[in-house]
Amino acid sequence: MAKVWINGEVFEYDYSSTPLSEAILVEKEMGYRFAQYVEDRLAGSARATAMFIRTVWLRNGRDVPLADLESGAVPVDLNDVRVEDDAETEPDPKDSPAPDGTPTTGTGT
């Protein structure tokens, strides 16, 4: 579980679960595939960050339209948006070193 700070408030956010309804909402509001949204968010896109804030707030009971974030009707200071992963979050297996192999498999198998 991650903690997300937005304008001084802290919200819980579970990266391990993405409801299909949320992915569809992202695609409708962003106008492209969910996978592209994830890539854009990780690359630092301001619009994808706005959508991320929208999904964090939605999961925490606050329905703020994306248009209100984009227009500034609901102000967000990007300097006050950060994500902190819980120390107990399991590491991504892709980030782990390859295991030592056996005499018949070699390393990295």
| said: Can you report the number of residues in region 1-32 which are small (G, A, S), within 23 Å of R82 (Cα to Cα) and in a loop (DSSP other than H, G, I, E, B)? | reply: 3
| Condition test on V81, is it within 20 Å of N7 (Cβ to Cβ), surrounded by 14 or more Cβ atoms within 10 Å (Cβ to Cβ) and in contact (Cβ under 8 Å) with a residue 40 or more places away in the chain? | yes
| field | Criterion violated by A35 - all others in (1) under 12 Å from V83 (Cβ atoms); (2) more than 11 Å from the chain's Cα centre (by Cα) satisfied | value | (1)
| task | Kindly provide the set of residues from region 38-61 that are within 11 Å of the chain's Cα centre (by Cα) and among the hydroxyl-bearing types (S, T, Y), ordered by number. | result | T49, T55
| Top-ranked residue of region 33-74 - restricted to ones that are touching a helix residue (DSSP H, G or I) at 6+ places or on another chain (Cβ under 9 Å) and outside any helix (DSSP H, G or I), ranked as nearest to M1 (Cα to Cα) | R62
| Mind checking which pairs have a first residue in region 1-24 that is within 15 Å of G61 (Cα to Cα) and a second that is of a type in the set (S, T, Y), Cβ under 9 Å, 6 or more apart or different chains? | V4/Y13; Y13/T55; E22/T55
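Rule-based calculations on the coordinates, nothing more; no lab input. As the structure is a computational prediction, the values presented were derived from the model and not from experiment. So basically every Cβ, Gly included, is an ideal-geometry build from the backbone, and we count neighbours across all protein chains shown.
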